[in-house]
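Have a look at the structure below, then the notes.
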Amino acid sequence: MKGVILGICPSAIIVDVTHGIRPGNILDGAFALAAAVPYFPRGTIHVAVVDPGVGGDRAGLAVRTAGAVFVGPDNGLLDLALRDQRRIQVRRLENSGFWLDSVSRTFHGRDIFAPVAAHLARGVSLNSLGPGCSRRERLTWPEPERWADRYIGQVIALDQFGNAITNLPAAWFHKLPPDALRVRAGRRGGMPFVSHYQALPHGTPLTLIGSAGYLEVAVNGDSAVRRLGLRQGSPVVVRVIREQ
Amino acid sequence: MKGVILGICPSAIIVDVTHGIRPGNILDGAFALAAAVPYFPRGTIHVAVVDPGVGGDRAGLAVRTAGAVFVGPDNGLLDLALRDQRRIQVRRLENSGFWLDSVSRTFHGRDIFAPVAAHLARGVSLNSLGPGCSRRERLTWPEPERWADRYIGQVIALDQFGNAITNLPAAWFHKLPPDALRVRAGRRGGMPFVSHYQALPHGTPLTLIGSAGYLEVAVNGDSAVRRLGLRQGSPVVVRVIREQ
Amino acid sequence: MKGVILGICPSAIIVDVTHGIRPGNILDGAFALAAAVPYFPRGTIHVAVVDPGVGGDRAGLAVRTAGAVFVGPDNGLLDLALRDQRRIQVRRLENSGFWLDSVSRTFHGRDIFAPVAAHLARGVSLNSLGPGCSRRERLTWPEPERWADRYIGQVIALDQFGNAITNLPAAWFHKLPPDALRVRAGRRGGMPFVSHYQALPHGTPLTLIGSAGYLEVAVNGDSAVRRLGLRQGSPVVVRVIREQ
């Protein structure tokens, strides 16, 4: 993909965000993309490829938001990054004039998405890539819920340190006193909510707000995933204790 | 290696192709290199280092083809990328004036190949690197065979998705009706030949033409390597069924 | 981190040294950093993040040596790279004007170190980052010892090939005849000292001077770590045999 990009746009600056997405795991990819996008400069072109449906009838998309452009398969992968964006412009990739001459049915990252991104970087307009597109595939994003004194979510991503990142957004906890929260993840209950990993002794399970802006389950100095047996989909419940 | 290159040629654009080659596996490296080379711009300098013989008497090489330059150990690693190239120019790396001042016997990638590549990128001529070289080490590349209605090959590379890539070239299958092919890989027989991974239901073993232009054994949504117990060298046989 | 850097300093050339540091392993990181630094061009800004104490009271540092600048946590991570440097200038990162607007308590690499490095790359002076700092955290670096005819050290790093790198410096062995040395690592004794990996037959345990300038325990064509059961901290003893 990088060779293709540099062949079309030699001045492109290419950044790898991650190669650690589990094969075919669209939620993993969507989460990693959404976590990275806010930190890239205006005008960045994000090419995302987690593409188990490659070569079938899923479309390819180019999407422009106020600050960035996205290129990738229409399988929900871009959905989380596009979530709070208003006024997005979406095109289906149908103009093969911006693809490689020969397109495989197993690697559109190289044959379609990379060359399209490189042409965009050279100034090709989004409109020329294909027709407008009003419907997109949606990510199966598990929405968290609030029930009185409980916040109910689940693990959506696991990082390289063994932290388990949930779908419970930081904004839900900002106004609550941290020591009034108790968290259950998997079969482990009563975990405290703290500010940083070393807030409690080595080996202690804890929860905090992670760097992507979601509640995260961690163990200071160890892997929460391994220690607590967590995985994508494990339920996480935050309980608010109000003692007066 | 990157620090060395940028110290000599600050304007170099450096691209990582892969760090996933298994230690000392020259065939893995040769395959990854050959798969990537056609997609890089004309004039790219490819530095390849899978070098179990470092520090012994194996030579280092610089090779110019019509469209690219290659730098690496003379151990067969470059052989697959050079396969269909006519009129190549080969030099043995003997002029230590283009190496680091101090050369270890354990990491020529950093001490010899990287600085040589950087000097080439700055315009140093191939001829100045050392004497011409007419013989090179050959890769132990297992040639596939055709026997009447059978095509006999083997697994040569495993990718990160658990697909098993064979040495059976796509060109052998272009004129055959896909549904007339049945494939055996390891102990699994009767696998169909399809166009893309999701052509069959999730979990189904199948074969198709992979993105490097070879027959590939895959399982939709799973690892063929793990599911079918395949590894480098596992036999793969394609049978043509001619019913009239 | 790369997005942040490019947002502040679009002309920055960013190089990944390694993503293979084990979580929270400061010694691993310190060793990788010290091994890479001598090979980068003068003026390189090295951003190092192995940061288990993020969000607590450990300081952040920027350090200028004669040839480079370092940015990272004050936890010993920079110590090995700074070891033989005289006249270093050290600043505590306290001026939040060079940080991201919003600073998490879980990822200072992105929120503090990357933006500080990018501002330095744009020409901001070290002095403007915060007050001078005379004391730094020291790395727990196990010093090797010499006892008459024995050199006693330990394994400090494991590389991707399964080689076990020790803290015994190459300089201790330069004047000794290689065949007068016998090495014990873990429970394996009598290992010879050779010049390169293939100096002995495939599968043979051996020791040599590795590319970082330290004695290394290896097995030709295999993983010494796995074969000999070595890990960080395993004792390594070199004995000099003087027969006259």
Exception for B:R227 within (1) modelled with pLDDT under 95; (2) open to solvent by 40 Å² or more (accessible area, probe 1.4 Å); (3) within 14 Å of chain A (Cβ to nearest Cβ) falls at (1)
With the first residue restricted to region B:51-62 and required to be more than 7 Å from chain C (Cβ to nearest Cβ), and the second required to be open to solvent by 30 Å² or more (accessible area, probe 1.4 Å) and modelled with pLDDT under 95, Cβ contacts under 7 Å at 6 or more apart or on different chains are B:L61/B:R136
Contact list, first residue from region C:1-22 and over 25 Å from B:C9 (Cβ atoms) and more than 10 Å from chain A (Cβ to nearest Cβ), second anywhere and of a type outside the set (A, V, I, L, M) and surrounded by fewer than 20 Cβ atoms within 10 Å (Cβ to Cβ), beta-carbon distance below 8 Å, six or more apart or interchain, is C:G20/C:Q160
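Each row is one residue, and each column tells you yes or no for (1) in contact with a helix residue (DSSP H, G or I) (Cβ under 8 Å, 6 or more places away or on another chain); (2) small (G, A, S).
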{"position": "A:A114", "(1), (2)": "yes, yes"}
{"position": "A:H119", "(1), (2)": "yes, no"}
{"position": "A:S125", "(1), (2)": "no, yes"}
{"position": "A:R135", "(1), (2)": "no, no"}
{"position": "A:P142", "(1), (2)": "no, no"}
{"position": "A:R150", "(1), (2)": "no, no"}
{"position": "A:A157", "(1), (2)": "yes, yes"}
Quick count over region B:158-190, residues being basic (K, R) and either within 22 Å of the chain's Cα centre (by Cα) or open to solvent by less than 10 Å² (accessible area, probe 1.4 Å) (or both), is 0
- Message: Is it the case, given these coordinates, that A:G29 is out of contact with any strand residue (DSSP E or B) (no Cβ under 8 Å at 6 or more places or on another chain) and not in a loop (DSSP other than H, G, I, E, B)?
- Response: yes
Based on this model, can you work out whether C:G190 counts as farther than 24 Å from C:G29 by Cα and out of contact with any helix residue (DSSP H, G or I) (no Cβ under 7 Å at 6 or more places or on another chain)? yes
Of (1) more than 30 Å from C:A212 (Cβ to Cβ); (2) basic (K, R); (3) in contact with a Gly (Cβ under 7 Å, 6 or more places away or on another chain), B:R146 satisfies every one except (3)
Can you find even one residue in region A:132-148 that is within 22 Å of A:F70 (Cβ to Cβ), over 22 Å from the mean Cα position of the chain (by Cα) and modelled with pLDDT of 95 or more?
yes
Residue count, region C:208-238, condition touching a helix residue (DSSP H, G or I) at 6+ places or on another chain (Cβ under 9 Å) and either charged (D, E, K, R) or under 23 Å from C:W141 (Cβ atoms) (or both), comes to 16
Scan region A:43-53 and tell me whether some residue there is over 24 Å from B:L208 (Cα atoms), out of contact with any strand residue (DSSP E or B) (no Cβ under 7 Å at 6 or more places or on another chain) and part of a loop (DSSP other than H, G, I, E, B). yes
Practice task
Tell me, please, whether a residue that is away from chain B (no Cβ under 13 Å), touching a residue at least 12 places away in the same chain (Cβ under 8 Å) and not in a loop (DSSP other than H, G, I, E, B) can be found in region A:71-79.
Solution key: yes
Residue in region A:36-49 that is open to solvent by 20 Å² or more (accessible area, probe 1.4 Å), closer than 30 Å to B:T204 by Cα and within 14 Å of chain B (Cβ to nearest Cβ) present
yes
Take C:A114 and decide whether it is in contact (Cβ under 8 Å) with a residue 60 or more places away in the chain and touching a Cys at 6+ places or on another chain (Cβ under 7 Å).
no
Does at least one position in region A:136-149 carry a residue that is assigned to a loop (DSSP other than H, G, I, E, B), within 14 Å of chain C (Cβ to nearest Cβ), among the β-branched types (V, I, T) and touching a residue at least 12 places away in the same chain (Cβ under 8 Å)? no
Of (1) open to solvent by 30 Å² or more (accessible area, probe 1.4 Å); (2) over 20 Å from B:G24 (Cβ atoms); (3) out of contact with any Phe, Trp or Tyr (no Cβ under 6 Å at 6 or more places or on another chain), C:A199 fails just (2)
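The values are calculated or read from the model by the stated rules, or taken from the named source; none is laboratory data. Bear in mind the structure is a predicted one, so any value in this text is a computation, not a measurement. As a convention, Cβ positions derive from the backbone with ideal geometry for all residues, glycine included, and neighbour counts pool all protein chains shown. Keep in mind that these areas ignore ligands, DNA and RNA; they rest on the heavy atoms of the full protein, side chains included. Shrake-Rupley method; radii C 1.70, N 1.55, O 1.52, S 1.80 Å.
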